[in-house]
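Contents: one structure, followed by commentary.
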Amino acid sequence: MKNKNLKAQPPEEFTGIQLTEVPKTAAGFKAIKSSLKHITEEVGLAKGIGLLTKINQKEGFDCPGCAWPDPDEKRAFLAEYCENGAKAIAEEATKNRVSPMFFTTHSVSELSKLSDYEIGKKGRITHPMLLKEGSDQYEEISWNDAFSLIGKELNALSSPDEAIFYTSGRTSNEAAFLYQLFVRQFGTNNLPDCSNMCHESSGSALSETLGIGKGSVTLDDFNHADLVIVMGQNPGTNHPRMLSALKDTKKNGGKIITINPLPEVGLMNFKDPQNPINWFKGDKLTDLFLQVKINGDVALLKIIMLLLLEKEKQEKGSVFDLEFIKNKTANFDEFLADLETESIEKLLPQTGIELETIKTAADMIAKNKKVIVCWAMGLTQHKNAVDNIREIVNLLLLKGSIGKKGAGTCPVRGHSNVQGDRTMGIWEKPKDSFLDNLEKEFNFKAPRKHGYDVVDAIEAMHEKKAKVFIGMGGNFISATPDTEFTSEALQNCDLTVHISTKLNRSHLIHGKKALILPCLGRSEKDIQESGEQFVSVENSMGVVHQSHGHLAPLSSELKSETAIVCGIADNTLKDSKVKWNDLKTNYDFIRDKIENTIPGFENYNKRVRQKGGFYLPNNARDNNFSPTKTGKANFTVNKPSEIKLNENEFMMMTIRTHDQYNTTIYGLNDRYRGILNERRVILMNENDIKKLDLKKLDVVNLTSHFKGEERYANKFLAIPYDIPEQCTATYFPETNVLVPIKSKADISNTPASKTVIITINKA
Ligand SMILES: Nc1nc2c(c(=O)[nH]1)N[C@H]1C(S)=C(S)[C@@H](COP(=O)(O)OP(=O)(O)OC[C@H]3O[C@@H](n4cnc5c(=O)[nH]c(N)nc54)[C@H](O)[C@@H]3O)O[C@H]1N2
Ligand SMILES: Nc1nc2c(c(=O)[nH]1)N[C@H]1C(S)=C(S)[C@@H](COP(=O)(O)OP(=O)(O)OC[C@H]3O[C@@H](n4cnc5c(=O)[nH]c(N)nc54)[C@H](O)[C@@H]3O)O[C@H]1N2
Ligand SMILES: [Mo]
């Protein structure tokens, strides 16, 4: 039963907007100033500066911000972090504490009325906490009692498939490996993760076409590329260190094309904060900007490929890499036959771009042989997201731009170890070969039935088919779509458990009983029986390396994620042959087990100790596509988006501000878009504002429409912005309530949180 006193959405209150001019360049000195401000406020200056010198250094800890790789050789003088990495650290190392005392004076329902910003600012959780059935107040519980409660609830289920084990992508390789092993020994593959809402579409498309679900490029490839195309990504905010790589491309004579509905500041111009000479002088990054309509990418890529085909017909071999196509690819004829059925005139309106501009892009692509395409959520969170990425692969295959220096695929990952977690087996659809290896090493029968992904898990809880939810990190209620539906789903559970660093809304939208288990963060020392431990992570380009905490843990009650998994497993599994309590004493033991089960981790303990770590094997990088069904790189046939808007409807994308990390809201500013101190805004084209008879800063209510259903989110300020007509942008998680649970990508099942059809009404 849903508790009406619990608020799953942030309050419909304004915080006092200020608009400034949209800045012309990103980073520079202002970024340094902003880093220092967050660090000083949350951590204190001296301790904060000490921490910053450790981020992403070879003996330091991995920045919990994003998964962008560190240079293999040189690391910057001012440390390899960015403004938003510094904010992530400040947030984790904060002085603020959520202690048992805090909960005696704050009820759950009262806390749920706060915004995500206010909840996050309460700070780090210091002790394991239990919310008893019927209570509105968390109270302290011992670790042993917490573990045995979980064991009891899990073992009381009528099937292991009634439990769900979520993971967010910050969990280390060691913890993730043990977690999936425990879950499979318990008897289910219900291992949804944040990837399901993130790059799942990339994984689906790339595995099918290139035989590996990961990107193919390394950081060094950016030094050698003729052309980098950045699609559906805002690196100035979300992967700031990527801008340095793009700067290197330019320095070496390469060009950059940006494809985005918004002229994102960082991509347009950039001042490198790691180079003081550059603090005040900007570098122009984007050479050609294609301001595509939301979800117009397949149409745009098809037009580009039609233009390339025209040129190729004029002079055979002048544009396409015929040798590569012949030797390395399959399905070229089907692809070509389908492409020729498309017409530029019909496709053009979907893009919203002048044909002349697209022709310039096609010329740049035709001329250059080494092309990298980078992308992120602007491509993966649509109904036809998998098509978007398959179409990118088609383009790269035409150019033979894969498996060679300076060319290839670059899906830019989000969470700092989301890729590593998947490598460790956090996946609801594990491969048989992976399970075979687990069975052999650990002597048990692994479940073979595929488990629930995020959307399926929500539906299962809603239908009461799943009754226990365990979250290894993350903030499920605020990150997932259809907030009110998901809130009902979580509240249907008998037990919800969160292994977390900081207080968040998922602790407040709870099952009949709830537990919060507080864990160490990346920046903290992890001391076990055999001494100080390090963990390992995999970045966006498949490099596995160490991460060492440096700070003393903020409370002696914190446990590492690894120790928590071992505690739960030991209290749940009756006849496991794994010695859970031994494994946690020395993480080398866990790495030995990983080495024995997962290909590519030979000599793990030795190689992870090399400075900078080691690369995992990558068949696409090696120009080998044998893992695909055809044994070659596959061309595919894709269709442009079928979504048609009525005249009064708008397409809405839900995006991140400069001051947030997913559901963690560092501050209320979106500096690079000129919007300060307010999150309840909707960015609209000036003509659309006029058409609706609105003025700048008018208050509007939003209604989303999906298969006859309506969902509502009220009180947003209309902001005129440089965005194509009929396209709008709002911030997540405020508008997740508008994303229908059933509106998701074909094949990958990723919530379509960038293609939300809405109408806008004056409040
Ligand atoms: N500071 C900070 N860093 C982060 C995060 C964070 O929240 N804060 N989150 C991390 C995570 S988990 C992830 S996944 C990444 C996310 O990194 P991004 O994908 O950069 O994040 P979004 O804000 O979702 O931005 C999507 C971009 O795609 C564009 N876009 C939207 N729809 C379309 C479309 O149809 N076509 C095209 N071509 N473009 C489109 C938007 O205008 C926007 O620029 O960042 C990671 N890093
Ligand atoms: N509408 C809309 N929805 C989206 C998106 C979108 O673009 N639009 N993006 C989607 C994407 S790309 C992603 S990846 C998901 C993100 O979904 P999640 O990964 O579930 O969400 P986060 O906000 O990253 O999780 C933050 C919480 O993680 C906990 N935490 C932080 N560090 C640690 C740690 O080291 N260990 C543990 N155990 N806990 C920790 C803290 O308690 C913090 O409150 O959201 C998705 N949701
Ligand atoms: Mo993500």
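Miscellaneous remarks
- Filtered trypsin sites (Lys or Arg not before Pro), segment 609-666: DSSP coil and at most 15 other beta carbons within 10 Å: Arg609, Lys611, Lys629, Lys644
- Cα centroids of segment 1-77 and segment 231-270: 19 Å apart.
- Per-q log10 I(q)/I(0), segment 169-320, q = 0.18, 0.19, 0.21 Å⁻¹ (Debye; single scatterer per alpha-carbon; no solvent): -1.25, -1.32, -1.44
- Each residue, Ser207 and Lys33, gets one label point 7 Å from its Cα in the Cβ direction; the gap between the two is 4.8 nm.
- Once the Cα-Cα distance is subtracted from the 0.36 nm per residue extended length, the Lys152 to Glu484 segment shows a gain of 116.6 nm.
- Cys residues of the chain that find no other Cys beta carbon under 4.7 Å: Cys63, Cys66, Cys82, Cys194, Cys198, Cys493, Cys519, Cys566, Cys727.
- Label reach from Val637 (point 7 Å along Cα→C-beta): in segment 318-334, amide nitrogens under 18 Å belong to 330-334.
- Entries in Lys429/Lys754; Lys247/Lys326; Lys214/Lys250 that, when Cα-Cα distance is taken, lie over 27 Å: Lys247/Lys326
- GluC sites (Glu not before Pro) within segment 296-331: DSSP coil, no more than 12 neighbouring Cβ in 10 Å: Glu315
- FRET efficiency for the Lys132 to Lys611 pair, using the beta carbon distance and R₀ = 60 Å, is estimated at 0.75.
- The calculated FRET efficiency for Asp722 paired with Asn252, based on their beta-carbon distance and R0 = 22 Å, is about 0.15.
- Short to long, the 20 Å bins of the Cα pair-distance histogram for the chain hold 17, 53, 28, 1 percent of all pairs.
- Segment Lys690-Tyr712, extension gain: residue separation times 0.36 nm, minus the distance between their alpha carbons: 5.7 nm
- Bridges between two residues of the chain, per DSSP, are antiparallel at a rate of about 45%.
- Arg97 versus Lys313: modelled label distance in nm, points set 7 Å from Cα along the beta carbon direction: 7.4
- Simple label model, 7 Å out from Cα along Cβ direction - Asp220 to Asn677, nm: 5.0
- Set of segment 84-127 residues, backbone N closer than 16 Å to the point 7 Å along the Cα-Cβ line of Ala763: 115
- Sites Lys4 and Gln528 - FRET efficiency at Förster radius 56 Å, r taken between beta-carbons, to 0.05: 0.80
- Amide H within-cut-off set for Gln660, under 5 Å, with H built and near neighbours excluded: Tyr666
- Loop-located GluC sites (Glu not before Pro) across segment 515-578 with a Cβ neighbour count of 16 or fewer within 10 Å are Glu529, Glu557, with loop assigned by DSSP.
- Distance from the C-alpha centroid of segment 420-482 to that of segment 148-184: 8 Å, rounded to the whole angstrom.
- With 31 Å as the limit on Cα-Cα distance, the pairs of Lys311/Lys405; Lys359/Lys644; Lys95/Lys696; Lys383/Lys440; Lys113/Lys431; Lys255/Lys715 that go past it are Lys95/Lys696; Lys383/Lys440; Lys113/Lys431; Lys255/Lys715.
- Given their separation in residues at 0.36 nm each and the Cα-Cα distance between them, Asp746 and Asn596 gain 50.5 nm when the chain is fully extended.
No value in this document is a laboratory result; all are computed from the given coordinates. Just so we're clear, the structure is a prediction, and the values are computed from it rather than from any experiment. Cβ coordinates were reconstructed from backbone atoms using ideal geometry, including for glycine residues, and neighbour counts include every protein chain displayed.
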